[in-house]
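Report on one structure; see the data block that follows.
The values are calculated or read from the model by the stated rules, or taken from the named source; none is laboratory data. Owing to the predicted nature of the structure, the values given are computational and were not obtained by experimental measurement. All Cβ positions, even for glycine, are placed from backbone atoms using ideal geometry, and neighbour counts span all protein chains on display.
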Amino acid sequence: MMIENLKLRTVSLSLFVLSLGLVIISGIFTDLNCLNIIGKPLLMPFLASYFISFKPIKGNKAVLAALLFSWFGDLLLMFQQNHELFFIAGLLSFLIAHIAYIIAFRSSIKNYHLLKEKPWFILLIFIYGILFLYFLYPNLNDLLIPVTVYAIVICGMLIFAILRFKNVKTNSFWLTLLGALLFVLSDSTIAINKFLYPFSLAYPVIIASYAIGQYLIIKGLVSNN
């Protein structure tokens, strides 16, 4: 069983990296969008396969739910240019994914050491969220409320990743925190590109930070076993 899990882990991670490479290439060379169509829908299934090759962890179902709704979000955002509803539905899917990660992170928190010792860490995250919404506000229009709710939830996800401090193994804490930061970077880049300042290499930045961030979150969570 151990050998089979190791094989599954190796194959899943290899295919995840391959799929990510295809998507990044499609973002750099826009005439190769077919690579995005092939690779993007495979990212979360391969990462989920990688995750289940490890011994189940606390919050196991929540993590699988996060990956599932991330997959839904990936698929929906592929069609956002067709109609605004696809963007809103994708936003909702990732909102649920972040809530699922909050539940997963919360399952390993027994003591709120960092909140007691350095509460200003939490304050900084909220300041970031407020300032970010302030700059986006003139262009949000009807999306003001959904984007605001999403910003609050993603800040919450990052806060709970930080609150795992001294509750889990050191490498688990740092891997998961770095992954959460990259996830926030990815979502922030999406918002900047869509509402503030579109730029040509936005998609490779978005997908690389998103996929690597998700991988690091998973790697960090399983490292605590």
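Scanning segment 35-63 for residues that are touching a Ser or Thr at 6+ places or on another chain (Cβ under 8 Å) and closer than 16 Å to LEU13 by Cα returns GLY39, LYS40, LEU42, LEU43, MET44, PHE46, LEU47, SER49, TYR50, SER53. Counting only helices (runs of 4 or more DSSP H) wholly contained in segment 95-214, the ones carrying 3 or more residues that are under 24 Å from HIS83 (Cα atoms) and in contact with a helix residue (DSSP H, G or I) (Cβ under 7 Å, 6 or more places away or on another chain) occupy 120-140, 144-162, 170-191. Of the residues making up segment 75-90, those that are surrounded by fewer than 17 Cβ atoms within 10 Å (Cβ to Cβ) and either part of a helix (DSSP H, G or I) or modelled with pLDDT of 95 or more (or both) number 5. Are any of the residues in segment 204-218 farther than 26 Å from LEU18 by Cβ and not aromatic (Phe, Trp, Tyr)? Looking for residues that are farther than 26 Å from LEU18 by Cβ and not aromatic (Phe, Trp, Tyr), one finds none in segment 204-218, hence no. The set of residues from segment 108-117 being surrounded by fewer than 16 Cβ atoms within 10 Å (Cβ to Cβ) and closer than 20 Å to LYS169 by Cβ comprises LYS110, ASN111, TYR112, HIS113, LEU115, GLU117.
Can you say whether SER14 is among the polar types (S, T, N, Q), touching a Gly at 6+ places or on another chain (Cβ under 9 Å), without any contact (Cβ under 8 Å) to a residue 60 or more places away in the chain and within 22 Å of LEU216 (Cα to Cα), as far as the supplied structure shows? When the stated conditions are applied, SER14 does not pass them. Among the residues of segment 59-74, at least one is part of a helix (DSSP H, G or I), surrounded by 14 or more Cβ atoms within 10 Å (Cβ to Cβ) and polar (S, T, N, Q). For segment 195-208, give me each residue that is buried (at least 18 other Cβ atoms within 10 Å of the Cβ) and of a type outside the set (A, V, I, L, M). Within segment 195-208, just TYR203 meets the criteria.
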